[in-house]
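Peer 1: The structure under discussion is supplied below as structure tokens; questions concerning it will follow.
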Amino acid sequence: MFGKLNGLVTLIILLSGCASTQPIATSDRSNVKAVTLSKDVPVPSKMSYLGPGGATGLAFGAIEAAIAAPGIEKSRESFQEQTTETGVSINRIVYEEALAQIRQSGKFPLKDETEPGGATIYVSVLNYGFSIPHGFSSRLVPILGVRYEMRDPSGRILWSATERVMPLGNPVEPIDVDEIKRNAATREAAWRAAAKALAAKLVANY
């Protein structure tokens, strides 16, 4: 039971996380003459999911949350099984939106291939999935957490930024649960809209 509760607590923390940034030093910025975007985008093995009715047990304290945790985890596992067999992968979606925004911004000396002494931007998916936007909803919005890190050839972090799309204040309109489950194109469109919104915020932090 404690393992389930810990997992539930982790989910709550992820859904309530905040943005963070490590600014790039002026000297480092001037020394960056070439930047490539890594195509390797790590993704957590477990999708996040909080469906209709899932928040009920969270509103009454730790004991009720512990009781609700096994059911929430079972619901999450079932949702992931139903939605990961088809469609564009989340790492590809996040990579493509990052590349588009980095290129469009004009802030980075972007190159297709790594150059000697050049920096690399690494993109990581911290969490992804779907959630009700509030405890009384029967619809879902995408949730997504993304980190960008620019590293020099030695691996030193020159700049990093983290942003999350939250259930509340989500940039995507809530979608019916059944539509999300059965339609891979709908899931992709929701995640892509979230990834695009995050990419704009992350690049603006550079």
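Peer 1: Could you report the range 121-206's accessible area per residue, 1.4 Å probe, as an integer in Å²?
Peer 2: For the range 121-206, the per-residue accessible area is 41 Å².
Peer 1: So, by mean Cβ neighbours within 10 angstrom, what's the order for 157-166, 99-108 with the highest one leading?
Peer 2: 157-166, 99-108
Peer 1: Report relative contact order for the range 115-196 in percent, whole number only (criteria: Cα-Cα under 8 Å, sequence separation at least 6).
Peer 2: 28
Peer 1: Accessible area of the range 95-183 with a 1.4 Å probe: how many percent of it is carbon plus sulfur?
Peer 2: Working: 1950 of 4280 Å².
Answer for the range 95-183: carbon and sulfur cover 45 percent of the accessible area.
Peer 1: Using each residue's phi in the range 96-113, evaluate 6.51 cos²θ - 1.76 cosθ + 1.60 at θ = phi - 60° and report the 3J(HN,Hα) Karplus result to the nearest Hz, with x for Gly and Pro.
Peer 2: Whole-Hz 3J(HN,Hα) from phi for the range 96-113: 5, 6, 5, 4, 4, 6, 4, 5, 5, 5, x, 7, 10, x, 6, 10, 6, 10.
Peer 1: Just to check I understand the Karplus step: with θ = phi - 60° and J = 6.51 cos²θ - 1.76 cosθ + 1.60, what whole-Hz values come out for the range 123-129, glycine and proline as x?
Peer 2: Calculated HN-Hα couplings, in order: 10, 10, 8, 7, 7, 7, x Hz.
Peer 1: For ILE143, which sequence-distant residues (separation of 5 or more, or a different chain) have an amide H within less than 5 Å of its own amide H, given hydrogens modelled in the peptide plane?
Peer 2: GLY129, PHE130, SER131
Peer 1: Further question: Taking θ as phi - 60°, what are the ³J(HN,Hα) couplings along the range 174-191 by the Karplus curve (6.51, -1.76, 1.60), each to the nearest whole Hz, with x for Gly and Pro?
Peer 2: x, 10, 4, 4, 4, 5, 5, 5, 9, 10, 5, 5, 5, 4, 4, 4, 5, 5
Peer 1: Quick check: pseudo-label points 7 Å beyond the Cα along Cα→Cβ at THR26 and ASP178, how many nm apart are they?
Peer 2: Taking the two extended label points, one gets 6.1 nm.
The values are calculated or read from the model by the stated rules, or taken from the named source; none is laboratory data. Source: prediction; values computed, not measured. Methodologically, a virtual Cβ is constructed for each residue, glycine included, from the backbone with ideal geometry; neighbour enumeration extends over all protein chains shown. Accessible surface areas use protein heavy atoms only, side chains included; no ligands, DNA or RNA. Shrake-Rupley method; radii C 1.70, N 1.55, O 1.52, S 1.80 Å.
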